[in-house]
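Asker: Just passing along the structure, written as structure tokens.
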Amino acid sequence: MVSGRFLPLPYFLLDEEFTILDYSLSASDIFMIDDNFITLVDEENRQKVSQYIQPDFSEMELELNMKTKDDPLAVFGISVQWEGNKVHILCVEKTKEVDNLSDQLIKLRSRLSETDFELLEKKEELEDAIARINKLSGPFIPLYAEAGLVPLFGDLQADKLQVIEENILYRIEEGDYEHVFFDFHAVGEITEDGKKQLGQLFETIQLMGTKTVIVGLSPSQVSGLKSKGTLQAASMASLKQAISKYVKKQNRE
């Protein structure tokens, strides 16, 4: 296996336990390299590593908050590629991109509060920036030919789900998927209008001929959804369990 020592970006080669087997010089310039990749990830994002950097996902892209020499909470885009029982990790820093977007929001809010001049135009710019952030809270990730994954993040309100919904329905129609897994592990509060919007989304997907599978709901979320009559999809405890069940079922068929 060729070493990635001289790659121009932070690169790691890990085993299934996330032990670091090799890394680029660029990675050592940015990170305090330890024995395990997990130690480089912010505590609140470590569950995401365990959840998604798995052989079940041969290719994966996600965002992680990581600890660098200069910043204890830097945002990185992570590209994952499995090769047998080893995984290649390529890291691209996005902290500046996120900071720039946050600065835009702060400046727009400040200007809107100080003057009514060009209010409508600036309001539309602000809403567009918020919509882009909301869209990142529910990306659609193809898993294999027949199934896709929607990992949801943060609190879920109706307006956020409406933004996410447009992309999800487009991708389902374009890819002709049989199953879509909705992962709630990183979801916080679901508002009342968010529950209704979820129910409408699940019903629309089912009318398109695609089955929805929900994973990672907390007890309080399950209770709230059932009380509103919006839990119309199959539900399982873990993403790995759900994928295993439906992949095996698909193979038998």
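The values are calculated or read from the model by the stated rules, or taken from the named source; none is laboratory data. Being a predicted model, the structure only gives us computed values, none of them experimental. Cβ placement follows ideal geometry from the backbone for every residue including glycine, while neighbour counts extend to all protein chains displayed. With ligands, DNA and RNA removed, areas are computed over all heavy atoms of the protein, side chains included. Shrake-Rupley method; radii C 1.70, N 1.55, O 1.52, S 1.80 Å.
Asker: Could you rank D15, D56 by how accessible they are, 1.4 Å probe, largest area first?
Answerer: Details: D15 40, D56 85 Å².
Descending accessible area places them as D56, D15.
Asker: Could you calculate the contour length gain from D71 to Q162, that is, 0.36 nm times the residue separation minus the distance between their Cα atoms, to one decimal place in nm? Working shown, then result.
Answerer: Working: separation 91, 0.36 × 91 = 32.76 nm, distance 3.42 nm.
Using 0.36 nm per residue and subtracting the Cα-Cα distance, I get 29.3 nm.
Asker: Now, a different point. Taking the Cα centre of segment 136-201 as the origin and placing charges on Cβ (Lys, Arg +1; Asp, Glu -1), which of G188, I168, L149 is farthest toward the positive end of the dipole?
Answerer: G188
Asker: Hey, another quick one. Please give the length that would be gained between A237 and S220 if that part of the chain were fully extended, namely 0.36 nm times their separation in residues minus their C-alpha to C-alpha distance (nm, one decimal).
Answerer: Contour length minus Cα-Cα distance gives 4.7 nm.
Asker: What nm distance separates the two modelled labels at E203 and Y144, each placed 7 Å from Cα along Cα→Cβ?
Answerer: 3.3 nm
Asker: May I ask which of K160/K240; K48/K94; K48/K160; K48/K240; K94/K211; K195/K240 have a Cα-Cα span longer than 23 Å here?
Answerer: Pairs exceeding the cut-off: K160/K240; K94/K211; K195/K240.
Asker: Quote the accessible area belonging to Y177 in square angstrom, nearest 10, computed with a 1.4 Å probe and with ligands, DNA and RNA left uncounted.
Answerer: 30 Å²
Asker: Next up: At 0.36 nm per residue, and after removing the present C-alpha to C-alpha distance, how many nm does the segment from D42 to K86 gain when stretched out fully? Working shown, then result.
Answerer: Details: separation 44, 0.36 × 44 = 15.84 nm, distance 2.23 nm.
Length gained, D42 through K86: 13.6 nm.
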